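Following: one structure in structure tokens, then a few remarks.
The values are calculated or read from the model by the stated rules, or taken from the named source; none is laboratory data. Predicted, not measured: the structure shown is a model, and the values here were computed from it. As a convention, Cβ positions derive from the backbone with ideal geometry for all residues, glycine included, and neighbour counts pool all protein chains shown.
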Amino acid sequence: MKSKTLILSFFVFANYVFAQANWRVKVDFLLSNYQKPNSPALAIDIIQNSKLIYSEEIGLANLEYDIPNPPTHRFGVASVAKQFTAACIWSLIHQNKISLTDDVGKY
């Protein structure tokens, strides 16, 4: 069985999104660009203070069979998350919230 599932990971830096007064409208607007027929699956969850404050799933989990992206869909991200983790750490360093010389045990 040939699967044409395309996985998109969508990360929004919290310092950009939450700086906006109407962040939900902005996130919905960003996602609207991807809500097209036959678009691949996309999911976004935003967590603040350990609470899920936004969750949305759009697109198709399987393009070949037109299977929608359910909330329970598991994305195979493999080693892709490492680059996003590094980008988030770099952003925190530039905001002077952490330092490269900090002990890892501090966090």
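With the structure loaded, tell me whether Asp66 is at pLDDT 85 or above and within 30 Å of Gln95 (Cα to Cα) or whether it fails that test.
no
What number of residues in the range 35-66 are exposed (fewer than 14 other Cβ atoms within 10 Å of the Cβ) and either out of contact with any Lys or Arg (no Cβ under 7 Å at 6 or more places or on another chain) or part of a strand (DSSP E or B) (or both)?
Residues meeting the conditions: 15.
Which one of these does Ile98 not meet: (1) over 26 Å from Asn22 (Cα atoms); (2) touching a residue at least 12 places away in the same chain (Cβ under 8 Å); (3) surrounded by 13 or more Cβ atoms within 10 Å (Cβ to Cβ)?
Exception for Ile98: condition (2).
Listed here are the residues, each with its yes/no results for (1) aromatic (Phe, Trp, Tyr); (2) at pLDDT below 85.
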site	(1), (2)
Lys4	no, yes
Phe29	yes, no
Ala43	no, no
Ile53	no, no
Pro71	no, yes
Ala87	no, no
Ser99	no, no
